[in-house]
Amino acid sequence: MKRLLLTVLALSGTVLLFSLSIEEKENYLQWMRDNLTDVPAWNSWQESAGELPPDFNKMPKSNLLPDPFVFNDGSKVSPEQWAERRAEIFSLFETYVPGKFPPKPSITEITIANEIKNNGYTTRDASVNFGPDGKGSVRIRLVIPDGYGDKMPALICPNLDGWSSVLIKRGYVSVGYAGNDFMDDAANLQEIYPDYDFATLPRRAWLAQVVMDYLETVPEVDISRVAIFGYSRDGKIAMLATAIDERISAVIAGSTGVGGAVPWRFAGERGGGESIESTTRMFPDWFLYRLRYFSGKEDYLPVDANLLISLIAPRAALLQWGYTDQVANGWAMEQAYHSAKKVYDLTGNGGRLGLLPMAGFHGSNDQDRSLDWLDYQFGKSDIEWWNEFIFLGILMIGL
């Protein structure tokens, strides 16, 4: 009967979407268990939460990237409605990828652990407490070069040493914080904020807000010219941090792979790079466990890399990767670039979105060229940046 009704509606030109039943959702869950590699952490979450797959029948489906200027209900976004659309995109990301973020916390105490004067620069280590009862704490290291004036631009990295050796001679303050696999001061945030479900990488990204609050107290830093860099999984962190905190003026995203500048839709092992399935299998706690439901159903995911870049607009963003990078996908990144650039162009800031492909595998990183780009964005150089397109003319962004 249901099939007959669908046939009649199709012949009449009427579209009617039926919600997935509980049984159909349970059948899909069983299909995942039977066909996808077993992930004990994911199984534990699903059994504890009792959450079933989303109702894919009620979700928009597109093999192309989701349009920044189309609301999730399919209606068009006017230029005047961009702020509303941006809020919707951020909310959709919180629902399906990073998780729900707590409000920005307040700093409760700053302790300078040590300050060492070196030849041409000063190293300052600080510990910053924040949040409820000051239970949160993050270690921050500044490397401040001498001889560049009272206010300098800064580059944040989610590791204490950052790019200090290069930044000193370029007139930037190096800002490192403990937000990576080897030194993670965001590890206890879920305990401090039990009502929020933000995952591991998003917690480290959220922590950058505290770093920005601390930098507002540092007289040597020009808070209007603060950028953030991350590579690979740390690149995902850097992009999320920039989307969260609009005080961050620029991001240098090094070979982020999926979950950063590479769209889930255009990736996958057969498409060059990672996938939702492989990411949620190998690193199940990086993002929301819910994301794994979209393995093989990436075209139902209402957000993707182009919308993450759009959240950063109109602030500067440089997308960096190696030509033979194992987790990057240059063609996919260029599609995300072209889609997000529509948002940059809306505000007259098309020149703030940049590409930096380079020779080499995963790990290729040209710090000096990246800083050349940042110099231009921060007004330290008048040498205009030129983007190199590898796949120009092969577009699938749904324009």
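Answer yes or no as to whether R204 is under 19 Å from S106 (Cα atoms), in contact with a Leu (Cβ under 8 Å, 6 or more places away or on another chain) and charged (D, E, K, R). Even if it seems obvious, please write down each step before you answer.
Working: under 19 Å from S106 (Cα atoms): yes; in contact with a Leu (Cβ under 8 Å, 6 or more places away or on another chain): no; charged (D, E, K, R): yes.
The answer is no for R204.
Sub-8 Å Cβ pairs linking a first residue in the range 23-42 that is in contact (Cβ under 8 Å) with a residue 12 or more places away in the chain and open to solvent by 70 Å² or more (accessible area, probe 1.4 Å) to a second residue that is among the aliphatic types (A, V, I, L, M) and outside any helix (DSSP H, G or I), at least 6 apart or interchain, are E26/L52, ordered by first then second residue.
Kindly indicate which of P68, P103 is in a loop (DSSP other than H, G, I, E, B) and surrounded by 16 or more Cβ atoms within 10 Å (Cβ to Cβ).
Numbers: P103 fails: surrounded by 16 or more Cβ atoms within 10 Å (Cβ to Cβ).
Exactly one of P68, P103 is in a loop (DSSP other than H, G, I, E, B) and surrounded by 16 or more Cβ atoms within 10 Å (Cβ to Cβ), namely P68.
Restricting the first member to the range 94-121 and to residues that are on the phi > 0 side of the Ramachandran plot, and the second to residues that are among the aliphatic types (A, V, I, L, M), the beta-carbon pairs closer than 9 Å and six or more apart or on different chains are G99/A199; G99/L288; G120/I168.
Against the list (1) basic (K, R); (2) in a helix (DSSP H, G or I); (3) more than 20 Å from the chain's Cα centre (by Cα), the condition K380 fails is (2).
Residues in the range 326-340 that are surrounded by 17 or more Cβ atoms within 10 Å (Cβ to Cβ) and assigned to a loop (DSSP other than H, G, I, E, B): 3 in all. When the range 278-296 is limited to residues that are over 17 Å from the mean Cα position of the chain (by Cα) and assigned to a loop (DSSP other than H, G, I, E, B), the one that is farthest from L52 (Cα to Cα) turns out to be G296. Residues that are part of a strand (DSSP E or B), free of Cβ contacts under 8 Å to residues at least 40 places away in the same chain and not β-branched (V, I, T) were ranked within the range 122-166; the one that is most open to solvent (accessible area, probe 1.4 Å) is R141.
Among the candidates S275, S232, S249, the residue that is at pLDDT below 95 and of a type in the set (S, T, Y) is uniquely S275.
Scan the range 341-377 residue by residue and report those that are in a helix (DSSP H, G or I) and of a type in the set (V, I, T).
The initial filter retains those residues of the range 341-377 that are in a helix (DSSP H, G or I), namely 341-346, 350-352, 367-377.
V343 - this is the single residue of the range 341-377 that is in a helix (DSSP H, G or I) and of a type in the set (V, I, T).
Looking across the range 18-47, the residues that are assigned to a helix (DSSP H, G or I), within 14 Å of R290 (Cβ to Cβ) and among the aliphatic types (A, V, I, L, M) come down to L29, M32, A41.
Within the option set A186, A208, A227, being open to solvent by less than 10 Å² (accessible area, probe 1.4 Å) and part of a helix (DSSP H, G or I) holds for one residue only, A208. Against the numbered list (1) in contact with a Ser or Thr (Cβ under 8 Å, 6 or more places away or on another chain); (2) open to solvent by less than 20 Å² (accessible area, probe 1.4 Å); (3) closer than 22 Å to G379 by Cβ; (4) in contact (Cβ under 8 Å) with a residue 40 or more places away in the chain, S174 comes up short only at (4). Report yes if G363 is among the small types (G, A, S), within 21 Å of the chain's Cα centre (by Cα), open to solvent by less than 70 Å² (accessible area, probe 1.4 Å) and modelled with pLDDT of 90 or more, otherwise no. Here the answer is no, as G363 does not meet what is asked.
Count of the range 189-205 residues, restricted to those that are open to solvent by 20 Å² or more (accessible area, probe 1.4 Å) and touching a strand residue (DSSP E or B) at 6+ places or on another chain (Cβ under 6 Å), is 1. Out of all the residues in the range 294-325, which are open to solvent by less than 10 Å² (accessible area, probe 1.4 Å), modelled with pLDDT under 95 and of a type in the set (F, W, Y)? Residue satisfying the conditions is W321 alone. Taking the criterion of being over 20 Å from M183 (Cβ atoms) and of a type in the set (A, V, I, L, M, F, W, C), the residues of the range 204-229 that qualify are V218, V221, I223, V226, A227.
Just checking, how many residues over the range 246-265 are closer than 24 Å to T108 by Cα and open to solvent by 10 Å² or more (accessible area, probe 1.4 Å)? So that I can check it myself, show each step before the final result.
Let us first name the residues in the range 246-265 that are closer than 24 Å to T108 by Cα, namely 246-248.
Cutting the leftovers down to open to solvent by 10 Å² or more (accessible area, probe 1.4 Å) gives us 246-247.
Qualifying residue count, the range 246-265: 2.
Tell me yes or no: at least one residue of the range 144-166 is among the acidic types (D, E) and within 23 Å of the chain's Cα centre (by Cα). Spell out how you get there, then give the answer.
Taking the range 144-166 and keeping what is among the acidic types (D, E), we get 146, 150, 161.
Checking the rest, the ones that are also within 23 Å of the chain's Cα centre (by Cα) come to 161.
Looking through the range 144-166, at least one residue is among the acidic types (D, E) and within 23 Å of the chain's Cα centre (by Cα).
Open to solvent by less than 30 Å² (accessible area, probe 1.4 Å), among the β-branched types (V, I, T) and out of contact with any Ser or Thr (no Cβ under 7 Å at 6 or more places or on another chain), is that true of T108? Taking the combined requirement at face value, the residue does not satisfy it.
The values are calculated or read from the model by the stated rules, or taken from the named source; none is laboratory data. Everything numeric here is computed off the predicted structure, so don't read it as measured data. Every residue, glycine as well, gets a Cβ built from its backbone with ideal geometry; the counts of neighbours run over all protein chains shown. Protein only, heavy atoms only, side chains kept; ligands, DNA and RNA dropped before computing areas. Shrake-Rupley method; radii C 1.70, N 1.55, O 1.52, S 1.80 Å.
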